[in-house]
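Q: Pasting in a structure now, in structure tokens, and then I'll have a few things to ask.
Since every read-out is calculated from the coordinates, none of them should be taken as a lab result. The model shown is predicted, which means the values in this text are computed figures rather than measured ones. A quick note on method: Cβ atoms are made from the backbone with ideal geometry, for glycine too, and the neighbour counts reach across all protein chains shown.
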Amino acid sequence: MKRRLFLQSAAGLFVAPAALSAAGVARAATPTEAQITLPPAEKLKSSFGWVTDIHYCTSPIRTIPAEDSIRVYAHSLAKLHQAIDVFNTRKLDFVIELGDFKDCLDDGDRPDTIGFLQTVESEFRKYNGPRYHVSGNHDFDKISLGDFLDNTENYGDAKGKNYYSFVAGGVKYIVLDACYNNAEGEHYSLGKLDWKIAIVPTVEMEWFKRELATGKEPVVVFTHQLLNTWDEKTQKIPNAFFIRNAAEIVSAMESSGRVLAVISGHFHKGAYSERNGIHYVVNQGLVERPLPHNVCGMVHVDQDLNVYVEGLYNERSHVCRAKKA
């Protein structure tokens with residue numbers, strides 16, 4: 001089936017001017033169209049929706065020229081509303097946000113920041129189905145892991161957990177948390193972190209390897225920070241965006257022979273690569289650029305274990321073919 005989506009700004013939310021580049025030069029709006037050819041519905045095993053890097057707060061626009069980043073925090077909630085509206089029209093197993101769910105004010109405090117988290121979680125809960133969260137570095141600015149888990153909710157057995165697995169549609173999904181300062185398991189908390197240091201600690205790594213060895217389903221892995229370190233030079237991804245022990249994680253996935261794809265956020269420009277049969281899809285950050293620009297999407301796994309990334313609005317689409325035996 002061919003999906004051609006012409007998606008407009010949510011009615012009554014914002015009418016935004018043309019986006020500005022980091023240099024301040026006006027540019028034409030990107031056409032709000034995403035197109036991909038999907039197999040018939042009966043050929044799909046599992047489908048889910050995703051958003052990432054919402055960064056919800058009430059900070060003014062922030063530009064980061066080195067990353068060509070223009071973070072329009074005030075539009076994030078409306079963009080999430082658009083995404084949820086689309087997801088609620090489609091038959092999906094679940095939706096997931098891939099980290100940096102909220103942000104904070106530079107001079108803000110813990111209660112203010114928890115308020116931002118509660119507001120964006122309330123919007124996320126408008127999806128009429130199972131919902132999941134991935135830990136992102138900005139999720140722990142000014143609040144603790146406990147604060148985050150107390151004010152968000154994962155579905156089913158994942159409730160109250162920051163790393164976990166679940167099965168939907170015959171696919172095993174594994175969520176990793178790399179928001180740790182060291183291998184001993186010191187989690188980011190109350191802003192006591194260096195975002196350039198992201199580690200999956202020893203205890204979680206042992207759990208991950210057990211999960212890869214349990215069951216026979218194909219696997220999709222979710223992370224916030226990146227694992228595709230080989231793209232540092234080829235796609236000009238700064239080293240700071242990668243998980244420090246990525247090599248160990250990638251080795252475990254490749255050895256398992258079960259992992260179809262890794263779906264991540266964090267690097268707001270997005271990226272894609274494939275290595276040894278595993279597809280690494282880095283999605284663009286929702287917070288970037290004013291409306292009508294938006295990015296979100298859906299992923300579909302078919303019976304032949306091909307993975308279709310259906311980009312919505314200004315997000316890219318990918319057809320990730322299964323590795324031939």
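Q: Between W230 and D109, take the C-beta separation as r, use R0 = 41 Å, and let me know the FRET efficiency to the nearest 0.05. Please report the intermediate quantities before stating the final value.
A: Details: r = 41 Å, r/R0 = 1.00.
E between W230 and D109, to the nearest 0.05, is 0.50.
Q: Per 10 Å bin, what percent of the C-alpha pairs of region 222-298 does each bin hold, from zero upward?
A: Values per bin, smallest distances first: 18, 51, 25, 5, 0.
Q: What lysines does K126 reach when the alpha-carbon gap must be under 20 Å and sequence neighbours fewer than 8 apart in one chain are set aside?
A: By straight Cα distance, K126 reaches K79, K91, K102, K159.
Q: Could I have the simple spin-label model distance between Q303 and A322, label points 7 Å from Cα toward Cβ, reported in nm to one decimal?
A: 1.0
Q: So what is log10(I(q)/I(0)) for region 106-209 at q = 0.11, 0.19, 0.23 1/Å, when the Debye sum runs over its Cα atoms only?
A: Treating every Cα as an identical point scatterer, log10 I(q)/I(0) equals -0.36, -1.02, -1.30.
Q: Out of every Cα-Cα pair in the chain, what percent are more than 28 Å apart? Write down the numbers at each step before the final one.
A: Details: 18736 of 52650 pairs.
That tail contains 36 percent of the Cα-Cα pairs.
Q: Counting helices only, and only those DSSP H runs with n ≥ 4, report the 222 nm mean residue ellipticity of the chain as the sum of -39,500 (n - 2.57) divided by its residues, in deg cm²/dmol to the nearest 500. Please report the intermediate quantities before stating the final value.
A: Details: 6 runs with 60 residues, N = 325.
Only helices count here, giving -5500 deg cm²/dmol.
Q: At T119 and E186, where each label point lies 7 Å from the Cα along Cα→Cβ, what is the point-to-point distance in nanometres?
A: Distance between the two pseudo-spin positions: 3.3 nm.
Q: Lysines near K233 by alpha-carbon distance under 19 Å, same-chain residues fewer than 8 away left out - which ones?
A: Within the straight-line cut-off, K233 pairs with K196, K269.
Q: Which residues' amide hydrogens lie under 5 Å from the amide hydrogen of Y164, considering only partners 5 or more residues apart or on another chain, with H built in the peptide plane?
A: The answer is V175.
Q: Now for a separate question. Can you return the lysines within cross-link range of K323? Criterion is Cα-Cα under 23 Å, with same-chain partners fewer than 8 residues away left out.
A: Answer for K323, where 23 Å is the Cα cut-off: K43, K45, K172, K209, K216, listed by chain and number.
Q: Still on this model: So which GluC sites (Glu not before Pro) in region 114-210 end up in coil per DSSP with only 15 or fewer other C-beta atoms within 10 Å? Before the final figure, lay out each step's value.
A: Details: sites: E121, E123, E153, E184, E186, E204, E206; in loops: E153, E184, E186.
Within region 114-210, the qualifying GluC sites (Glu not before Pro) (loop, at most 15 other Cβ atoms within 10 Å) are E153, E184, E186.
Q: A further question on this structure: Please identify which residues in region 135-155 have an amide N closer than 11 Å to a label point set 7 Å out from the Cα of D194, following the Cα→Cβ vector.
A: none
Q: Right, here's the next one. How large is the Kirkwood hydrodynamic radius of region 160-314, in angstrom, based on all distinct alpha carbon pairs? Don't skip to the answer; put the middle values down first.
A: Working: mean 1/r = 0.0613 Å⁻¹.
Every distinct Cα pair counted, the radius reaches 16.3 Å.
Q: Around H279, which amide H atoms from residues at least 5 apart in sequence, or from another chain, sit under 5 Å from its own amide H, with H modelled in the peptide plane?
A: The answer is A261, V262.
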